[in-house]
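The values are calculated or read from the model by the stated rules, or taken from the named source; none is laboratory data. What you see is a predicted model; the values in this text were computed from it and never measured. Here Cβ is always computed from backbone atoms with ideal geometry, including for glycine, and neighbour counts include all displayed protein chains. These accessible areas exclude ligands, DNA and RNA; they are computed on the full protein's heavy atoms, side chains included. Shrake-Rupley method; radii C 1.70, N 1.55, O 1.52, S 1.80 Å.
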Amino acid sequence: MRKLIHTKWRVGRTMGCLQILLGGLVITITTLSLFKFYSAGFIFHKEDVCRYFYTPTMKQVYEASFDAKALSDRVEEVLDQLESLQDKLESAVEEMERDKQALSNGNMRRIEHKKYLEMEVIKPLYNAHIALRQIRLPKVEKVNENLSVKEEPLINNFVVEEIRKYITPKKSRTGKVNMYMTESIYNTIGHACVLVRKELEEYMSYDIGSYCKDDWNVGQKLMLNGCDPLPRRRCLTRASKVYQKPYAVNESLWKTPDDRNVRWSNYQCRNFSCLSSKNPKRGYNKCSGCFEMEKEKVKWVRNSSVAVDFRISDVLGMKAGEIRVGLDFGISTGSFGARMREENVTIVTTALNLGAPFNEFIALRGLIPLYVTLNQRLPLFDNTMDLIHTTGFMDGWVDMLLLDFILFDWDRVLRPGGLLWIDRFFCDRKDLDDYIYMFLQFRYKKHKWAIAPKSKNEVYLSAVLEKPPRAI
């Protein structure tokens with residue numbers, strides 16, 4: 001009997017211990033559950049719940065605002081290139097091992113070996129290198145304790161990474177307002193018109209068949225913000241009320257045009273003499289002195305002690321008789337085109353009216369102005385230009401990716417054997433290697449190459465490069 005009672009006591013104590021253990025387990029689980037609910041925001045106040053659920057994490061920011069798949073695909077593409085190159089090299093080494101006798105007998109000619117290295121090793125590595133340098137991540141910013149990816153509207157409408165790169169606004173590298181007097185460059189495929197709807201509606205507001213408003217500056221503003229090409233309009237373009245017959249071609253090249261042939265209403269100056277380099281209020285800050293013909297006459301013709309100043313006669317002598325048509329890409333009054341016209345070379349000069357009537361001035365000199373922006377694809381067909389000359393426009397403010405798109409477009413329109421003349425490009429000394437890399441990536445032949453100091457921290461770069469023939 002005593003043994004039975006002892007047994008019951010032991011069972012009761014065991015059950016009590018189990019109940020205590022289970023109770024503790026229940027309390028623990030309940031506590032953890034409440035913590036989970038708290039962490040999930042279910043016991044916040046109403047505004048706290050909203051703040052919790054609508055504050056994005058880094059992962060959410062990337063999923064919502066950044067096409068991570070496009071980046072991943074791009075990286076995978078580069079890795080596939082490198083893997084393919086490795087396989088080629090390994091198979092080539094194995095083949096060389098098998099053909100040791102042939103190699104020792106000199107049967108593999110040096111030119112074949114050189115061609116193999118260039119086409120199968122150097123070029124793929126170079127392409128992979130460029131591809132890696134061009135991969136960009138979005139800038140993640142913290143605004144009011146929230147993370148956000150800084151991207152422009154409409155970019156996420158496109159999946160292909162190259163399109164997204166192209167239409168992403170390119171900011172000035174110097175952090176200052178760029179040559180266009182804007183903060184960013186918008187490349188043109190029409191999408192940017194949505195961002196400047198108000199200005200576009202203003203531009204297209206007119207009476208059909210009547211005179212257009214004197215609003216060319218509104219149209220240029222649209223172009224500079226990526227809304228380009230502009231739509232056609234059914235109104236009559238205004239001209240100067242006192243327009244005079246232009247000078248004859250034999251005197252117009254180096255003579256200042258008549259002031260009366262320009263509409264001056266949207267400029268600070270009201271005549272060409274006001275645009276003198278001595279006038280600090282002339283309304284533009286580039287191309288100093290380019291409206292003064294006496295200063296312009298001496299460019300590209302006389303010997304200079306500065307190494308980056310090349311003469312036209314020396315450049316044309318590199319390809320005697322082959323340079324017939326070309327493009328002058330920059331901001332100027334057409335003096336390069338005038339000098340080349342004297343050498344029987346036809347030059348089209350790009351121009352924007354940035355604070356002064358550059359287009360009118362060029363045309364009144366009897367030359368051809370091409371009204372395009374830096375961000376526009378050139379309206380020229382492939383392999384058609386003998387020469388592309390650039391000066392005074394692109395310099396160290398240009399975004400690297402924007403410059404890459406520009407250079408590839410120049411390469412497109414320049415014919416095999418054509419010349420790219422980079423004239424007095426300048427940048428910070430610390431950025432020079434990056435820009436040199438950009439200019440030399442196409443493996444053009446160097447005819448001329450010079451670097452000279454511009455200031456304590458800036459340098460000039462001038463070069464004449466020849467586009468190589470490429471197999472189809």
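For residue 307, are the conditions met, namely being in a loop (DSSP other than H, G, I, E, B) and touching a Phe, Trp or Tyr at 6+ places or on another chain (Cβ under 6 Å)? Please lay out each step first, then the result.
Working: in a loop (DSSP other than H, G, I, E, B): yes; touching a Phe, Trp or Tyr at 6+ places or on another chain (Cβ under 6 Å): no.
So residue 307 does not fit the description; no.
The single residue among 228, 214 that is in a loop (DSSP other than H, G, I, E, B), modelled with pLDDT of 90 or more and surrounded by 12 or more Cβ atoms within 10 Å (Cβ to Cβ) turns out to be 214. Filtering the range 395-424 to residues that are open to solvent by 10 Å² or more (accessible area, probe 1.4 Å), in contact with a helix residue (DSSP H, G or I) (Cβ under 8 Å, 6 or more places away or on another chain) and aromatic (Phe, Trp, Tyr) leaves only 405. Of all residue pairs spaced 6 or more apart or on separate chains, those with beta-carbon atoms under 8 Å, a first member in the range 260-285 that is in contact (Cβ under 8 Å) with a residue 24 or more places away in the chain and a second member that is polar (S, T, N, Q) and open to solvent by 30 Å² or more (accessible area, probe 1.4 Å) are 261/244; 264/271; 266/217; 269/279; 272/256; 282/268; 283/268.
Of all residues being under 24 Å from residue 283 (Cβ atoms) and among the polar types (S, T, N, Q) in the range 341-374, which is surrounded by the most Cβ atoms within 10 Å (Cβ to Cβ)? Just the residue, please.
Of the range 341-374, the ones under 24 Å from residue 283 (Cβ atoms) are 349-365, 367, 369-374.
Checking the rest, the ones that are also among the polar types (S, T, N, Q) come to 349-350, 353, 359, 373.
On the way: 349: 28, 350: 23, 353: 19, 359: 20, 373: 18.
Top of the filtered list is 349.
Within the range 300-320, the residues that satisfy the criterion of being modelled with pLDDT under 95 and not hydrophobic (A, V, I, L, M, F, W, C) are 302, 303, 304, 305. Restricted to the range 297-340, and to residues there that are hydroxyl-bearing (Ser, Thr, Tyr) and either in contact with a strand residue (DSSP E or B) (Cβ under 8 Å, 6 or more places away or on another chain) or within 30 Å of residue 218 (Cβ to Cβ) (or both), the residue that is surrounded by the most Cβ atoms within 10 Å (Cβ to Cβ) is 333.
Criterion applied to 330, 334 was being in contact with a Phe, Trp or Tyr (Cβ under 8 Å, 6 or more places away or on another chain) and at pLDDT 95 or above, and the one residue passing it is 334. Residue count for the range 444-472, restricted to those that are open to solvent by 60 Å² or more (accessible area, probe 1.4 Å), outside any strand (DSSP E or B) and touching a Phe, Trp or Tyr at 6+ places or on another chain (Cβ under 9 Å): 1. Contact map, the range 440-458: first residue within 27 Å of residue 305 (Cβ to Cβ) and at pLDDT 95 or above, second residue part of a loop (DSSP other than H, G, I, E, B) and open to solvent by 50 Å² or more (accessible area, probe 1.4 Å), Cβ cut-off under 8 Å, separation 6 or more or different chains; pairs are 450/307; 451/307; 452/306; 452/307.
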